[in-house]
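Worksheet: the structure to be examined is printed underneath.
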Amino acid sequence: MGRKKAVVFFRNDDVRDKLDDSLIRLTEVCMKYGVSISHAVEPANVTEEVVDWLISQKKQYPGLVEIIQHGYSHNLANPGQKMEFGGNRTFDDQFADLRKGKEIMDKLFGDLWSPVFTFPYGTYNQATLKAIEQLGYHTISSKMQYSSKVRLKNFVGKLLGKDILMGKKINYHPGIRKGYNLREISVSANLIKKYHGENLADHFTLEEIKAQVRLALKHTGVLGVLFHHRYHGDQIGLTEDLIIYLKKKGVRFSTISNIKR
Ligand SMILES: [Zn+2]
């Protein structure tokens, strides 16, 4: 009663070289239900075929399809190391990659993309955030959890205005990061339970995903669901069931940029 409707966004990472059926079908099921989706593109890896398709989708469904950026190259050349940004990388080093990425996005998508940045493997450091802010992105999207331990960490970290506290990243979702002109809108539900290599994964059941949704919505009015389309080729039914469940709950769907401040 009188409570504001929860807002849900779908973020799909690792949009890169292949125009997979799974990418098309995930987008189709979202469009069928009028659900927005934010496709996170790897600038160094995306191909003309995928770019053309994304542009056609964006033009056909301007309010529902959002094009955002996922890292620069996803460090694909070095598969042993699950990190692209963060670690010991310096500001200058990361700024150079981020700028290259942004220039590619501008060149490929013009004003059809939104300067929202998501981190491959979820890794970043303070220098990454500073570089992202200086390059004019308005929002970052990372991962957010709601266990009591993580909530305590975020509570203390935000109180102290920290980016990182005792080695743990502090989430400011859904708000402006302290000390930056940068909003954080992060994801807290995920379809994948366990990865098996580059293309196979065990998925959570619908009941398990509903539990993630319920937990997050106890603590936030903005819920993000993370997709990695290439793993979900045979999970379109699961995605559709999740959409139906969320619609029954009466949530509102939004792109990341359109989530109200
Ligand atoms: Zn990724």
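Let me have the relative contact order for the chain, percent, based on Cα pairs under 8 Å that are six or more residues apart.
Result for the chain is 26 percent.
Write down the percent of antiparallel bridges among all DSSP beta bridges whose residues are both part of region 7-253, to the nearest 5.
Bridges in region 7-253 are about 20 percent antiparallel.
Can you put SER73, SER36 in order of Cβ neighbours within 10 angstrom, beginning with the fewest?
On the way: SER73 17, SER36 21.
With the sparsest Cβ surroundings first, the list reads SER73, SER36.
Which percent, nearest 5, of DSSP beta bridges in region 149-261 are antiparallel?
Restricted to region 149-261, the bridges split so that about 80 percent are antiparallel.
Between LYS218 and ASP17, what length in nm is gained on full extension when 0.36 nm per residue of separation is reduced by their alpha carbon distance?
68.6 nm
Using Cα pairs under 8 angstrom and six or more residues apart, how large is the relative contact order of region 61-149, in percent?
The value is 37 percent.
Apply 1/(1 + (r/R0)^6) to the Cβ-Cβ distance of ASN181 and TYR61, taking R0 = 30 Å, and write down the FRET efficiency to the nearest 0.05.
In this case the efficiency is close to 0.55.
Arrange TYR146, TYR137, TYR195 by Cβ neighbour counts within 10 Å, fewest through most, would you? Before the final figure, lay out the partial values.
Numbers: TYR146 17, TYR137 21, TYR195 12.
With the sparsest Cβ surroundings first, the list reads TYR195, TYR146, TYR137.
Residue by residue through region 230-236, which ³J(HN,Hα) values in whole Hz follow from phi under the Karplus form 6.51 cos²θ - 1.76 cosθ + 1.60 (θ = phi - 60°), with glycine and proline marked x?
5, 8, 9, x, 9, 10, 5
Work out how much length LYS32 to GLN81 would gain on full extension: take 0.36 nm times their residue separation and subtract the Cα-Cα distance, in nm to one decimal.
Stretched fully, the LYS32-GLN81 segment lengthens by 13.8 nm.
Please list the non-local residues whose amide H lies under 5 Å from the amide H of PHE10, H modeled 1.01 Å from N, same-chain partners needing a gap of 5 or more.
SER38, VAL225, SER254
Roughly how far apart, in whole Å, are the Cα centres of region 62-85 and region 182-255?
The distance from the Cα centre of region 62-85 to that of region 182-255 comes to 19 Å.
Taking springs between alpha-carbon atoms closer than 10 angstrom, which of HIS219, HIS70, HIS39 fluctuates most in the Gaussian network model of the chain?
Checking each option, the largest mean-square fluctuation is seen for HIS219.
Where a number appears in this text, it was derived from the coordinates with a stated rule and is not lab data. Since the model is a prediction, treat every value here as computed from it, not as a measurement. Cβ: placed from backbone, ideal geometry, glycine included. Neighbour counts: every protein chain shown.
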